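Student: Have a look at this one before I ask anything.
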Amino acid sequence: MNVEHSIKNTRKYAILEVMFFNGFSVGMQSFVLLSLAIYFNMSSFLISVVSSLPTAGYLLQIFTKRVNTILGGRRRTLVLSVTISRLVICLLPFAVLFDMRNQFVYFIIMFIYGLSSPFVNNVWTATMVEIINKKERGKYFGKRNLFSSLSTVVYTLFYGYILSLPDKKSSILLLTSVMAVSAIGSAVFMYLHYIPDLGEEVKNISIKAAFKNKNFVLYLKFASIWLFTWEFLKPLTEYYRIKILGVNTMFLSQMGVITAILSSVLYIIYGKLSDKYGNKTMLRMGIFFTTYYVLTYFSMTQDNKMSMLFAAAVIDAVGFTAITLSLLNLMMEVSEEPADAYVGAYAIVCGISAILAGIFGGLVGKFVNNGVIYVFGEQFYTIRFAFAIGFVLRLFSLLELTRVDSFEKTFIYKGSLPIKNFFSKRILNVGASYINDVKRSEREDQEKNSENEENINKNVENNEVNNINKEPEKQENKVDKSENGNFEKSSVTEEENTDNKTV
């Protein structure tokens, strides 16, 4: 009973933790990360490397088993790694306060975070695999991601407003202070998590067991390509719209809010659809939309940047929401016991892909970030060639996904949209009743018109019958009158003849 109660509380703590986690996570990505990097005078190469550090650190998860053995359990590993990764974020406001605007200061802070956070992710992911059954994962993570998106809306708007303040140091100091408070809140709720103990049999299983699963290896190939193209383009898109196109950070925060609001709704919908149609189906749909996301940046210029950024925000919500929800769930689906071995194998692939993507993105960004050429007389930024490369890689990852064997169910259009599954039935009932009332009134009008026509036809028929009956009577009257006339004439003639005879 105590274990069940602890698991129930952990499910709640995981939702509260992600809301605090986003407080500093939003500050370590997108336009906020680039603003901090520019404040600390980082080069374009280091910006690309720093943006990929959190994912590259996944490579260290292969040492989670050894760390668990040294520290004496997964819970101690979680507590230590959470403490280091969250406390190092608290150093940022002090670096700003004391004017330590050196790119290596910011790099070291991010590097320490990248070294410690993978152990948190490994223990937490393995725990969620064990305490949440497969049938509830889509629904639960859809709910968790809903609150995550709502908190992202608040942080994105707030950070966008802060960065638009004229006093740069004060705005960065306030930004990093909020990140530090959020990191502390995240640590508190992580400490409250229930972490089940590992059995002796599980401890002795090597991570090599995961690589013997052929279907899981196919999933790793797909994940490596997808993560490479994602990490490769992530810093370049931010550099393009902020540094080259000069888009205002407040506008970017507003676009981020649009994405977060749409994601909040889509997480609920996708959570139900993933359970019904499968995580593979949702991933395929999400990657399909993200190819258009890359094309929007490839087509973006100084003249159309606002409208294209709005389109990118909508596509971001539709595509990346499905990927965020289903990527980890698909990994859990194709995994077997022990979960730690599969999570560790996944971490190795993620780490290697992120490291290669960060280096490749840094080299590409160094040579094409500020280049300009003219094509048919129009200005063309050379950084857009990187988006073309990302477009091809995403199509290739989509092909690799088709090789993974997992539950999937094809969408079949049945002639009507399944709106009633997602929206209020009351609205549909009101609409249906309105349509029925309109049809009923039309039917009544038609019945009245038909009755009137029948009455008119009956009256016409009666009049015709009466006229037919009156004509013989008239003829009879005429005959009677003619007979009477003849009779009178004959009587007169007879009288005249009688008179003549008398004379």
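We did not get these values from a lab; they are worked out from the coordinates using the rules stated. Since the structure is predicted, the reported quantities are computational estimates derived from the model, not experimental observations. Cβ: placed from backbone, ideal geometry, glycine included. Neighbour counts: every protein chain shown.
Student: Assuming R0 = 22 Å, can you tell me the calculated FRET efficiency for the pair ASN41 and VAL392, based on Cβ-Cβ distance, to the nearest 0.05?
Tutor: 0.05
Student: Given a Förster radius of 51 Å and the C-beta distance between ILE7 and PHE385 as r, what FRET efficiency does 1/(1 + (r/R0)^6) yield to the nearest 0.05?
Tutor: It comes out at approximately 0.55.
Student: Next question. If a paramagnetic tag sat 7 Å from the Cα of LYS143 along the Cα-Cβ line, which residues of the range 1-41 would have the backbone N under 12 Å from that point?
Tutor: Correct set: 8-16.
Student: Between TYR191 and LEU165, what is the label-point separation in nm under the 7 Å Cα-to-beta-carbon projection?
Tutor: Once both label points are built, they end up 2.9 nm from each other.
Student: Beta carbons within 10 angstrom, averaged per residue: use that to sort the peptides 183-195, 117-129, highest first.
Tutor: Final packing ranking: 117-129, 183-195.
Student: Which ³J(HN,Hα) values in Hz, rounded to whole numbers, follow from the phi angles of the range 30-42 under the Karplus curve 6.51 cos²θ - 1.76 cosθ + 1.60, where θ = phi - 60° and Gly and Pro get x?
Tutor: After applying 6.51 cos²θ - 1.76 cosθ + 1.60, I find 6, 5, 5, 4, 5, 5, 5, 5, 5, 4, 8, 6, 7 Hz.
Student: Shape call for the range 35-110 from the C-alpha gyration tensor, a ≥ b ≥ c root eigenvalues: rounded (a/c under 1.5), prolate (a/b greater than b/c) or oblate?
Tutor: Verdict is oblate for the range 35-110.
Student: Does the range 224-293 come out rounded, prolate or oblate by the C-alpha gyration tensor, with a ≥ b ≥ c the root eigenvalues, rounded set by a/c under 1.5 and, if not, prolate when a/b is larger than b/c and oblate if not?
Tutor: oblate
Student: Counting only residues 5 or more places away or on other chains, whose amide H sits under 5 Å from the amide H of TYR194 once H atoms are built in the peptide plane?
Tutor: Distant-sequence amide H within range of TYR194: THR10.
Student: Okay, next question. Tell me, what HN-Hα J-couplings in whole Hz come from the Karplus equation 6.51 cos²θ - 1.76 cosθ + 1.60 at θ = phi - 60° for each residue of the range 139-154, using x for Gly and Pro?
Tutor: Once rounded to whole Hz, the list reads 5, 5, 5, x, 5, 5, 5, 4, 5, 5, 5, 5, 5, 4, 4, 5.
Student: What order, most packed first, do the peptides 131-137, 148-154, 169-175 have when packing is the mean number of other Cβ atoms within 10 Å of each residue?
Tutor: Highest to lowest by the protection proxy: 148-154, 169-175, 131-137.
Student: Grab the other residues whose beta carbon is less than 15 angstrom from that of ARG144, score K and R as +1, D and E as -1, and report the net.
Tutor: Values: positive: LYS8, ARG11, LYS12, ARG137, LYS139, LYS143, LYS272; negative: GLU17, GLU136, ASP275.
Neighbour charge sum, excluding ARG144 itself: +4.
Student: May I ask you to work out the translational diffusion coefficient for the range 2-421 at 25 °C, viscosity 0.890 mPa s, via Stokes-Einstein with Rh from the Kirkwood sum over Cα pairs, reported in whole µm²/s?
Tutor: After rounding, the answer is 111 µm²/s.
Student: Determine, for TYR161, TYR113, the number of other Cβ atoms within 10 Å of each Cβ, and report the residues in order from fewest to most.
Tutor: TYR161, TYR113
Student: Let me ask something else about it. Please give the peptides 21-31, 99-109 ranked by average Cβ packing (other Cβ atoms within 10 Å per residue), highest first, as a rough proxy for protection. All intermediate terms of the calculation are to be shown ahead of the outcome.
Tutor: On the way: 21-31: 22.2, 99-109: 15.5.
Most protected by this proxy first, the peptides run 21-31, 99-109.
Student: Apply 1/(1 + (r/R0)^6) to the Cβ-Cβ distance of LEU97 and GLU136, taking R0 = 45 Å, and write down the FRET efficiency to the nearest 0.05.
Tutor: Values: r = 45 Å, r/R0 = 1.01.
Computed FRET efficiency for LEU97 and GLU136: 0.50.
Student: Another question, if that's okay. About its Cα centre, how strong a charge dipole does the range 2-421 have in debye, to the nearest 20, once Lys and Arg get +1 and Asp and Glu get -1 at the Cβ? Walk me through the numbers on the way to the answer.
Tutor: Values: 38 positive and 22 negative charges, 99 e Å.
I would put it at about 480 debye.
Student: In nm, give the distance between the simple-model label positions of LYS272 and ASN248, each being 7 Å from the Cα along the Cα-to-Cβ direction.
Tutor: Using points 7 Å along Cα→Cβ, the separation is 3.9 nm.
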